[in-house]
Amino acid sequence: MARRKPWPPTAPCKPNIWVYDPSLMNLVAITLLRTDVPADVFDRMADILTESERTRAQRYRQEADRRRHIIGRAALRILLSERLGGTPQGIALTSRPHDKPCLAEPPAIPTHFNVSHAGERVAIAVASVPVGIDIERDAPPDAAAMAQAWFTPTERMRVDEAATDADSAGQAFLDIWTAKEAVLKASGVGMAAGMRGFTVPPASPRFGPTRTHGDTRFDGYVVAHFEALTDYRAAVALYGAARPLRITLANADTLLADAAVRSVRH
Ligand SMILES: CC(C)(COP(=O)(O)OP(=O)(O)OC[C@H]1O[C@@H](n2cnc3c(N)ncnc32)[C@H](O)[C@@H]1OP(=O)(O)O)[C@@H](O)C(=O)NCCC(=O)NCCS
């Protein structure tokens, strides 16, 4: 039976009282997309954005950044409309600069999401608990120095142990980096806010808890890595307990077609 409880338990978005049925949506749905789509598909994705989102997209100096943002935002709108009903354009999102994007109004079903892009990929996670996702392609050439600057001693040790060659040091670095960024994004506080405030568990497809070092903002998160297509590393973090992941390789064309079918049925 549905029971009332305050949601979300932390406050990355505006706290609201939602009806929460844990049996409803236990999965964490991860959708992976390519951004190198044909021009006509790209234009149709861009049409899904609101006027202000399109204006904002024009501010990206790099074409690749603009493209990733537009595909990610359009796909997110389609996925949210699939879950919540209505049209992709009708989904109301918050848009404060530097804040985690959230639904502007409490939805009928608890719904949290997060987007990440890298190279020619976009990853979108949708869950009923606060969620963060990170996908990366390029390890920094100076992984050890970067680890020194950003990681906790335990994490630095993992990079050092893996550093038999530059490649494996880079991969170890990315595994930790993606996990940390996923946790920071789940909590909504952003990168600057305490990379060293917590230690992530060793890279694994099974969720493991983060260990905090006095910074209570990061208490209660679990993090796991998932297969994200060749050459990419990716991690997802959740507030609360582990949940099954459902990973879908989608393409923009199919998402658009599905959205069109739903809008005809409306
Ligand atoms: C959020 C942040 C971690 C993203 O890092 P990144 O590696 O550049 O980008 P990713 O591709 O993984 O993620 C970008 C997406 O995260 C989401 N996002 C933005 N701010 C976020 C936040 N505070 N928390 C969680 N997710 C956030 C957005 O959906 C964004 O994509 P979009 O703009 O196309 O919608 C980083 O930009 C950050 O720390 N931002 C907050 C603070 C800030 O912006 N400072 C800038 C100087 S004042």
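The values are calculated or read from the model by the stated rules, or taken from the named source; none is laboratory data. As the structure is a computational prediction, the values presented were derived from the model and not from experiment. As a convention, Cβ positions derive from the backbone with ideal geometry for all residues, glycine included, and neighbour counts pool all protein chains shown.
Structure notes:
- Taken together, the residues in the range 169-214 that are out of contact with any Gly (no Cβ under 9 Å at 6 or more places or on another chain), more than 11 Å from A237 (Cβ to Cβ) and away from the ligand (no atom under 16 Å from the Cβ) amount to 10.
- Residue that is surrounded by the most Cβ atoms within 10 Å (Cβ to Cβ) [pool: residues in the range 33-53 that are assigned to a loop (DSSP other than H, G, I, E, B) and touching a residue at least 60 places away in the same chain (Cβ under 8 Å)]: T35
- Within the range 187-214, the set of residues being without any contact (Cβ under 8 Å) to a residue 12 or more places away in the chain and more than 26 Å from T111 (Cβ to Cβ) comprises A192 only.
- When restricted to residues that are under 22 Å from the mean Cα position of the chain (by Cα) and within 18 Å of A118 (Cα to Cα), the range 46-66 contains 7.
- The residues listed here are R158, R217, R137; of these, the one that is farther than 30 Å from E82 by Cβ, within 16 Å of the ligand (Cβ to nearest atom), in contact (Cβ under 8 Å) with a residue 12 or more places away in the chain and surrounded by 14 or more Cβ atoms within 10 Å (Cβ to Cβ) is R217.
- The residue of the range 220-253 that is surrounded by the most Cβ atoms within 10 Å (Cβ to Cβ), among those that are β-branched (V, I, T) and modelled with pLDDT of 90 or more, is V236.
- Residues that are under 15 Å from T154 (Cβ atoms) and assigned to a helix (DSSP H, G or I) within the range 187-228 comprise M195, R196, G197, F218, listed in sequence order.
- Members of the range 117-134 found to be under 20 Å from A242 (Cβ atoms) and either without any contact (Cβ under 8 Å) to a residue 60 or more places away in the chain or not β-branched (V, I, T) (or both), listed by number: A123, A125, A127, S128, P130, G132, D134
- Looking only at residues of the range 133-167 that are more than 17 Å from S204 (Cβ to Cβ) and of a type in the set (G, A, S), we find that the one that is modelled with the lowest pLDDT is A166.
- For the range 90-107, a residue qualifies if it is in contact (Cβ under 8 Å) with a residue 40 or more places away in the chain and away from the ligand (no atom under 16 Å from the Cβ), and the qualifying residues are P106, P107.
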